[in-house]
Amino acid sequence: MDKLIITGGKQLSGELRISGAKNSALPILAGALLSETPVTIGNIPHLHDITTTMELLGRMGVQLIIDEKMNIEIDTSTIKNFEAPYELVRTMRASILVLGPLLARFGSAHVSLPGGCAIGTRPVDIHLDGLAKMGADIKVEGGYILAQAKRLKGANLVMEKITVTGTENLLMAATLAKGKTVIENAAKEPEVSDLAHFLNKMGAKITGIGTDILEIDGVDQLGAKDLHYNILPDRIETGTYLVAAAMTGGNITVKNTRPSILDAVLEKLKEAGAEISTGDDWIKLDMKGKKPQAVSVRTAPYPAFPTDMQAQFTAMNAIAEGVAVITETVFENRFMHVQEMQRMGADIQLESHNAICKGVEKLAAAPVMATDLRASASLVLAGLVAEGDTMVDRIYHIDRGYDHIEEKLAQLGAKIRRIPN
Ligand code: EPU
């Protein structure tokens with residue numbers, strides 16, 4: 001397994017381009033299964049989860065053509081099976097996103113249950129309940145979801161909990177259902193809206209985009225000639241580099257991003273002492289060489305502070321001035337990074353859903369590893385400010401969700417290298 005070695009102590013400065021959003025690309029690639037005509041998706045990030053999604057679609061018989069600029073053309077006319085096998089779902093839970101589209105368009109889906117994962121139990125009951133309310137016959141056998149429906153029918157769905165991929169699955173299913181579907185208490189994450197805009201470009205009739213009530217008038221078929229859709233920039237990648245710069249007292253400009261979808265994160269960075277300026281598609285952060293102030297955050301669904309930025313802010317608080325509390329309300333077990341940071345000298349105490357962080361003067365390098373994507377990234381950030389060489393192991397988690405992280409950090413002046421296995 002590849003490892004990253006980070007030599008701490010460099011102040012980050014310079015410019016960086018943000019890649020397309022992982023959590024938009026995954027549902028949009030799955031959503032392409034709904035199209036009768038080939039579609040091309042652009043601004044696709046270079047990530048392991050994208051490769052896994054392509055493998056998943058490829059095994060179904062879907063034709064994929066990828067060019068050197070990471071545009072992917074998807075042609076579903078050759079599809080021959082409707083299965084998402086365990087060995088792929090196991091490595092990427094988002095594979096569950098093929099369930100809604102397969103069922104809606106082909107009337108059948110055979111998708112492995114994702115099972116537990118490092119950040120909590122993460123059930124898919126809300127996805128399944130919603131599809132059942134739309135008339136699907138759903139059985140769970142041998143670890144697989146077997147779903148059948150002649151044609152789904154519109155339904156009123158009130159989501160018991162806000163779920164991002166749950167909303168996306170049901171939204172995709174509803175586009176081809178007979179009649180009208182209303183999804184109440186829908187997730188409002190920008191990636192859900194991005195998917196909805198993409199589906200509308202294919203001919204879907206979705207209104208209420210960006211609100212917590214999505215209304216979908218089902219249509220008979222989807223597809224638009226020569227459709228090319230560019231996915232939105234990654235707000236979590238953006239936030240991660242901004243925090244990295246803030247931790248090092250640095251000064252960076254991130255380009256090709258969208259500041260308007262990062263309000264909660266930018267507010268917290270300002271509270272930490274960062275000077276922030278923004279344009280339509282760029283954000284400049286300047287710490288003027290100062291150490292950050294500790295900031296308390298509470299994660300919750302969008303537009304509140306994202307759980308996917310929680311670990312990075314924990315890393316920042318570890319070396320900030322003062323005491324702050326990080327509260328995780330979305331996932332039950334998303335603090336694996338804390339133990340590893342403690343091994344680097346951080347003073348963080350866990351009390352149920354809270355991490356109480358007392359900033360220390362300096363972290364000390366140590367070999368560390370984590371079992372999820374954002375936790376692994378937070379350890380890289382910790383390494384940037386630790387004394388000595390931090391070795392982050394199991395970085396395949398990082399490669400799932402960060403496009404060329406070591407190249408991008410090196411471009412900002414970090415001393416970081418990858419040790420291939
Ligand atoms: N939940 C249920 N039942 C369900 C679905 C969800 O109880 O049927 C619960 C979950 O267990 C969790 C909460 O609802 O406690 C919210 O989970 P959600 O379903 O919103 O998470 P997700 O859709 O599985 C997506 C992102 C995650 C991100 C979360 C929250 C994708 C592919 N993944 O996951 O991204 O943390 O929303 O914003 O969009 C990441 O990128 O590192 C990542 C983990």
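Observations
- Per-residue [θ]222 nm for the chain (sum of -39500 (n - 2.57) over DSSP H runs n ≥ 4, rounded to 500): -9000 deg cm²/dmol
- Note on the chain: Cα-only Rg and Dmax are 21.4, 63 Å.
- Straight-line cross-link reach from Lys291 at under 13 Å between alpha-carbon atoms covers these aspartates and glutamates, not counting any fewer than eight positions away in the same chain: Glu271, Glu275, Glu321, Glu361.
- Principal axis box of segment 191-236, alpha-carbon based, largest edge first, Å: 35, 29, 9
- If the Kirkwood radius is taken over C-alpha pairs of segment 1-135, then at 25 °C and 0.890 mPa s the Stokes-Einstein diffusion coefficient equals 148 µm²/s.
- Residues in the chain average 39 Å² of solvent-accessible surface per residue, probe 1.4 Å, ligands and nucleic acids excluded.
- Computed over segment 1-79: relative contact order in percent, which uses C-alpha pairs under 8 Å that are six or more apart: 30 percent
- Euclidean distance between Cα centres, segment 14-63 to segment 381-421, Å: 24 Å
- Modelled spin labels at Arg151 and Arg343, positioned 7 Å past Cα toward Cβ, are 5.7 nm from each other.
- A crude spin-label estimate for the pair Tyr396 and Arg17, with each label 7 Å from Cα along the Cβ direction, gives 2.9 nm.
- Length-normalised contact order of the chain in % [C-alpha pairs under 8 Å, at least 6 apart]: 22 percent
- Each peptide in 60-68, 179-187 was scored by the mean count of other Cβ atoms within 10 Å over its residues; highest first, the order is 179-187, 60-68.
- Of all the options Thr40, Thr167, Thr51, the one that moves most in a Gaussian network model of the chain with Cα springs shorter than 10 angstrom is Thr51.
- Solvent-free Debye scattering, log10 I(q)/I(0), computed from the Cα coordinates of segment 162-248 at q = 0.20 Å⁻¹: -0.89
- Linear extension gain, Glu160 paired with Asp220, 0.36 nm per residue minus alpha-carbon span: 18.7 nm
- Equivalent-ellipsoid semi-axes of segment 280-421, from the Cα gyration tensor, Å, largest first: 22, 18, 17
- Extension gain, Leu113 back to Asp2 (0.36 nm per residue minus Cα-Cα distance, nm): 37.1 nm
- Charge dipole (debye, nearest 20) of the chain; +1 at Cβ of Lys and Arg, -1 at Cβ of Asp and Glu: 40 debye
- Euclidean distance between Cα centres, segment 346-373 to segment 131-162, Å: 41 Å
- A probe of 1.4 angstrom, applied to the heavy atoms of all protein chains, finds Glu321 with accessible area near 90 square angstrom.
- Distance cut-off 16 Å, percentage of C-alpha pairs in segment 128-211 lying past it: 51 percent
- Taken over the Cα atoms of segment 167-210, the convex hull encloses 63 Å³ per residue.
- Rounded to the nearest 20 debye, the dipole magnitude of segment 1-60 is 220 debye, with +1 charges on Lys and Arg beta carbons, -1 on Asp and Glu beta carbons, and the Cα centre as origin.
The values are calculated or read from the model by the stated rules, or taken from the named source; none is laboratory data. Everything numeric here is computed off the predicted structure, so don't read it as measured data. Positions of Cβ are backbone-derived with ideal geometry, glycine not excepted, and every protein chain shown enters the neighbour counts. In case anyone asks, the SASA skips ligands and DNA or RNA and just uses the protein heavy atoms, side chains included. Shrake-Rupley method; radii C 1.70, N 1.55, O 1.52, S 1.80 Å.
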